Amino acid sequence: MDFTFLILILLAVAFLLRVDFIFYIVYVFVGLYAWSRWIPARTLRQIKAQREYADHAFWGEIVPVTIWLQNQSRLPVPWLTFSESVATELTMGGKVNRVVSLRGRESAGFGYEVKARRRGYYRLGPLRLTSGDLFGLFEPQHGRFPTDTLTVYPRITPLTQLGLPSRLPFGTLASRQRLFEDPSRPAGVRDYRSGDSLRQINWKASAHTRHLLVKTYQPAISLETAVFLNLHSDDYDSNGRQNRVEWAIEVAASLAAHLIDRRQAVGLSANGLDPLQDGDEGAFDEESGRLIQSAAKQAALPSAIPPRPGRAHLMRILERLARLETAVTQPFNQWAITASLPLSWGVTILAVTPRGDEAACQTLHRLARKGFNPVLIAIEPNYNFGEVRERARRLGFIAYNVSQRSGLEQWQAISAKWQGASD
């Protein structure tokens, strides 16, 4: 308003004095006013922004993010300030703030890095842009570009050997019931029978004996594994609950990754909450930047991931584990029986749960009587876990206590003892 008043005063003086130079100054001021009034707002709308980054990362990985700004207008942008919001769980330093200038049709890229310190589904952005006229005659114009997301997988602890007893149907095992023959387990030769495939004929042995012989293999059965992850918050000790939940998810991810590496079929069921259930994005925590369960959203258990082999299937499991949160849902003792209904007979159920109390053991005993092969994996410390292990043995399944990362090595040692006992 002050600049407009100045133009009016100059215009009045020019008419009174009839001086051409003052008219020239008025023309310049009017042109400057029009330019500063209309051009910055229009050029800001012609700014396009884009983020380039890997939208999935493993725990501990550093992810480079590049912000591309493109001026699609022919007019230059004298100054442009952009500020990128980064989740506190991902930030590696100070704030991402820059001041740049762009010529007409010019593009520029600016990079920063984030570090995956904790599993989760995070928000990158929003990107806020501020621009204005060169002389500061008017209030700056503001723009805002939408957010993108980054999924951080849970940490995976390498497991070279689990050392589980051979009597557990952990993948493909030898069997007297001839469901199929494993070509990697040759057993000898036999005489050719009508209906045998020509590919099974042992031509060298047939030429030596002068009659057709067919290769034989050891029979095997292929059984699947389902990881049952208990995220019912009331089942966890209130002291250090969040750390125990993170550890339970890490153990579940490590087991799934290990089994997939062995080319086994693995599935996942959990009684926690997935904020992206049914494709409806929840709310992001303003402090951490992680996706959380909206309070107004009805708590529904996530659908189970059926057992499948392959790396792509593992990524699906890890993506689900990255988003899961603990909540007051169905207790493990009620949920586990229902979750086992879609599974086939003989499936190994790895139950990752806080404690191996009497109720949990009775639930796994019911699963064993239904034809499954449950394995209890308790993740909270228990100095009297020997009693739980003995109770589990009497009820027909095996129990392990993996209360910390070093416990995985103890698990292998204990499993070796069980192996010797079962042999």
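Every read-out reported here was derived from the displayed coordinates using simple, explicitly stated rules and does not represent laboratory data. What you see is a predicted model; the values in this text were computed from it and never measured. When we count neighbours, we look across all protein chains shown, and the Cβ atoms used for this are built from the backbone with ideal geometry, even at glycine.
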Seminar exercise, completed: Scoring only Lys, Arg, Asp and Glu (+1, +1, -1, -1) among other residues with Cβ under 11 Å from the Cβ of D55 yields -2
Exercise. So between W345 and V19, what do we pick up on full extension, going 0.36 nm a residue minus the alpha carbon distance?
Worked result: 107.3 nm
Exercise. Considering only the other residues whose Cβ falls under 9 Å of the Cβ of E380, what net charge follows from Lys and Arg at +1 and Asp and Glu at -1?
Worked result: +1
Seminar exercise, completed: Phi-derived 3J(HN,Hα) across segment 111-123 with the Karplus relation (6.51, -1.76, 1.60, θ = phi - 60°), rounded Hz, x for Gly and Pro, is x, 8, 10, 10, 10, 7, 8, 8, 4, x, 10, 10, 10
Problem set entry | Vicinal HN-Hα couplings computed from phi for segment 82-90 (Karplus, 6.51 cos²θ - 1.76 cosθ + 1.60; Hz; Gly/Pro x) | 10, 9, 9, 7, 10, 4, 5, 6, 10
For this session: Kindly state, to the nearest 0.05, the FRET efficiency for R263 paired with R117, given R0 = 30 Å and r defined as their beta-carbon distance.
Result: 0.40
Seminar exercise, completed: In order over segment 59-74: 3J(HN,Hα) from phi, Karplus 6.51/-1.76/1.60, θ = phi - 60°, whole Hz, x for each Gly or Pro, gives 4, x, 7, 9, 10, x, 10, 10, 9, 9, 10, 10, 8, 7, 8, 7
Exercise. What residues qualify as long-range amide H neighbours of L231, i.e. H under 5 Å apart, gap of 5 or more or another chain, H built at 1.01 Å from N?
Worked result: N271, G272
For this session: Along Cα→Cβ, 7 Å out, is where each label goes; now give me the distance between the ones at R210 and A41 in nm to one decimal.
Result: 10.3
Exercise. Among residues other than A399 whose Cβ falls under 12 Å from its Cβ, what is the net charge (Lys/Arg +1, Asp/Glu -1)?
Worked result: +2
Exercise. Once amide H atoms are placed 1.01 Å from N in the peptide plane, what residues at a sequence separation of 5 or more from E113, or on another chain, have their amide H within under 5 Å of its amide H?
Worked result: V65
For this session: Show the residues, 5+ positions off or on another chain, whose built amide H is closer than 5 Å to the amide H of L124.
Result: D148, T149, L150
For this session: Give, in nm to one decimal, the length gained when the segment between T66 and R393 is fully stretched (0.36 nm per residue of separation minus the Cα-Cα distance).
Result: 112.2 nm
